[in-house]
Amino acid sequence: MDEKKIARAEHKYARISPRKVEIVCNMIRGKDAKVAMAMMQNTPKAGCELMVKVLKSAMANAENNFEMDPEKLYVAETYVGAGPILKRGMPRAQGRMYRINKRTSHIMIAVAERD
């Protein structure tokens, strides 16, 4: 049994909350690459812009590094993990400070060829 080739691309330390990107990940998981690209380009979500770049990179990796047919590609797996949090402060009354967490994400998309 031969193993299925998978091409992946990652975007680490993306300055967007993982919660926002997870919505887009669930939307495109298992879809054809071209369909997923079209869906993301026509969806007004914050994570779509970054995910389009990562998907294009994964498709290019599949075509150039693994000689896969770009017409048969689909999104095999996609996930987002939390990166380091940038901690900032907002001045409040009586000299206090409230913390503001600026979250980052690690985005991964893997594409494979349909049989």
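The values are calculated or read from the model by the stated rules, or taken from the named source; none is laboratory data. All figures in this text were calculated on a predicted structure; none of them were measured in a lab. Ideal geometry is used to build each Cβ from the backbone, glycine not excepted, and the neighbour counts take in all protein chains shown.
Tabulated data
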quantity: Filtered residues of segment 27-53 (kept if farther than 24 Å from Met68 by Cα and either within 14 Å of the chain's Cα centre (by Cα) or buried (at least 18 other Cβ atoms within 10 Å of the Cβ) (or both)); calculated: Lys45, Ala46, Gly47, Cys48, Glu49
quantity: Test for Ala82: is it modelled with pLDDT of 95 or more and under 12 Å from Val111 (Cβ atoms); calculated: no
quantity: Counted residues, segment 35-57 - those being touching a residue at least 24 places away in the same chain (Cβ under 8 Å), assigned to a helix (DSSP H, G or I) and over 17 Å from Ile6 (Cβ atoms); calculated: 4
quantity: Some residue of segment 77-89 being in a helix (DSSP H, G or I), of a type in the set (Ser, Thr, Tyr) and under 28 Å from Glu113 (Cα atoms); calculated: no
quantity: Some residue of segment 92-104 being surrounded by 15 or more Cβ atoms within 10 Å (Cβ to Cβ), within 21 Å of Ala7 (Cα to Cα), touching a residue at least 12 places away in the same chain (Cβ under 8 Å) and in contact with a strand residue (DSSP E or B) (Cβ under 6 Å, 6 or more places away or on another chain); calculated: no
quantity: Flag if Ser57 is small (Gly, Ala, Ser), over 18 Å from Arg103 (Cβ atoms) and surrounded by 13 or more Cβ atoms within 10 Å (Cβ to Cβ); calculated: yes
quantity: Residue list for segment 1-28, filter: part of a loop (DSSP other than H, G, I, E, B) and either at pLDDT 95 or above or not basic (Lys, Arg) (or both); calculated: Met1, Asp2, Glu3, Arg15, Ile16, Ser17
quantity: Residues located in segment 93-115, provided they are of a type in the set (Ser, Thr, Tyr) and assigned to a loop (DSSP other than H, G, I, E, B); calculated: Thr104
